[in-house]
């Protein structure tokens, strides 16, 4: 399954603490957890970004984000995660929904 996460960093966490957490998780092999393949993890200068990952299950996706939360209380100010589809797969679904509604 494909998952997309929008995230915002907690501005109240010191940058050295964030870097230490990131190095711990990535160098130890804890992240990404089993069953998760990170396709992209992009960040902005304003401290927000997106994470696109393939996960074997919703549980695996949950573990991926919870590792960051558990490693540093308040690492993220907010996150929003959802199953996702490539846009070329969404368009036919939307067209089918419109066709269904038009026929009723």
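The values are calculated or read from the model by the stated rules, or taken from the named source; none is laboratory data. These numbers come from a predicted model, not from an experiment. Ideal geometry is used to build each Cβ from the backbone, glycine not excepted, and the neighbour counts take in all protein chains shown.
Okay, here's what the table says:
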| item | result |
| --- | --- |
| Residue that is over 29 Å from residue 89 (Cβ atoms), surrounded by 15 or more Cβ atoms within 10 Å (Cβ to Cβ) and touching a residue at least 12 places away in the same chain (Cβ under 8 Å), where the choices are 51, 65, 2, 9 | 9 |
| The one condition in (1) in contact with a helix residue (DSSP H, G or I) (Cβ under 8 Å, 6 or more places away or on another chain); (2) free of Cβ contacts under 8 Å to residues at least 12 places away in the same chain that residue 19 fails to fulfil | (1) |
| Some residue of the stretch 13-26 being in contact with a strand residue (DSSP E or B) (Cβ under 8 Å, 6 or more places away or on another chain), surrounded by 10 or more Cβ atoms within 10 Å (Cβ to Cβ) and modelled with pLDDT under 95 | yes |
| Given (1) at pLDDT below 95; (2) in contact with a helix residue (DSSP H, G or I) (Cβ under 9 Å, 6 or more places away or on another chain), index of the condition residue 73 fails | (2) |
| Where a residue in the stretch 73-96 is at negative phi and its partner, wherever it lies, is assigned to a loop (DSSP other than H, G, I, E, B), with Cβ under 8 Å and at least six apart | 75/10; 75/13; 76/10; 77/10; 77/11; 83/1; 93/85 |
| Residues of the stretch 45-62 satisfying the condition of being in contact with a strand residue (DSSP E or B) (Cβ under 9 Å, 6 or more places away or on another chain) and part of a loop (DSSP other than H, G, I, E, B) | 46, 47, 56 |
| Odd one out for residue 42, checked against (1) surrounded by 15 or more Cβ atoms within 10 Å (Cβ to Cβ); (2) in a strand (DSSP E or B) | (1) |
